[in-house]
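The values are calculated or read from the model by the stated rules, or taken from the named source; none is laboratory data. Predicted, not measured: the structure shown is a model, and the values here were computed from it. Virtual Cβ from ideal backbone geometry, glycine too; neighbours counted across all protein chains shown.
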Amino acid sequence: MTEWGRTHPSVRVERKTVKRKTITAEQLHRCAMRLADLADLGHRHKRTEAAARFFAQAAILELVAARATDWPRTRLIYFKSAAWLAYKAGRIGQAEQIAYEGLREPRLEAWARRELPEVIAAVAKARGERPPLICLPGGSE
């Protein structure tokens with residue numbers, strides 16, 4: 001995931017004027033959802049390039065939120081959301097990577113065992129491939 005989380009080259013930040021401020025995972029998530037709403041709006045108005053950019057930005061924020069939260073259930077929700085946002089942005093490789101990262105969580109809940117592989121199956125379908133067989137430890141419910 002080379003481009004994820006990097007600052008755009010045209011963005012300049014003056015170190016003297018920037019104050020340090022802590023942003024919580026919940027705030028990142030809320031921003032991601034606002035961007036996703038803008039992407040949906042752009043998609044409805046046939047602005048597909050703008051929608052894809054908004055979805056991609058939302059996916060980045062959601063991924064950062066997933067990695068930043070201390071709550072395991074919330075982390076899984078954010079991973080699932082980030083994966084689907086990346087998928088909607090047309091970044092299917094990143095969507096797959098994010099879903100696999102979520103599946104590597106140590107306390108994987110039953111719903112996540114079902115729903116994160118759905119992202120991986122959608123990626124495989126988009127590529128014209130068969131979905132992979134995913135075997136997770138402790139998979140019986």
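In region 118-129, the count of residues that are surrounded by fewer than 16 Cβ atoms within 10 Å (Cβ to Cβ) and part of a loop (DSSP other than H, G, I, E, B) is one or more.
Looking at the structure I just gave you, is Gln94 within 23 Å of Met33 (Cα to Cα), within 12 Å of the chain's Cα centre (by Cα), touching a residue at least 40 places away in the same chain (Cβ under 8 Å) and not in a loop (DSSP other than H, G, I, E, B)? So Gln94 fits the description; yes. If you go through region 39-61 one residue at a time, do you hit one that is part of a helix (DSSP H, G or I) and touching a Cys at 6+ places or on another chain (Cβ under 7 Å)? Looking for residues that are part of a helix (DSSP H, G or I) and touching a Cys at 6+ places or on another chain (Cβ under 7 Å), one finds at least one in region 39-61, hence yes.
Candidates are the residues of region 20-44 that are small (Gly, Ala, Ser) and within 8 Å of Ala58 (Cβ to Cβ); the one that is surrounded by the fewest Cβ atoms within 10 Å (Cβ to Cβ) is Ala36. On the given criteria, is Arg107 outside any helix (DSSP H, G or I), at negative phi, over 16 Å from the mean Cα position of the chain (by Cα) and basic (Lys, Arg)? Yes.
In region 59-79, the qualifying residues are those that are among the small types (Gly, Ala, Ser) and closer than 16 Å to Gln97 by Cβ, and the one that is surrounded by the most Cβ atoms within 10 Å (Cβ to Cβ) is Ala59. Among the conditions (1) free of Cβ contacts under 8 Å to residues at least 40 places away in the same chain; (2) within 15 Å of the chain's Cα centre (by Cα), Ala50 misses just one, which is (2). Here Gln27 clears all of (1) under 30 Å from Leu133 (Cα atoms); (2) modelled with pLDDT under 95; (3) not in a loop (DSSP other than H, G, I, E, B) except the condition numbered (1).
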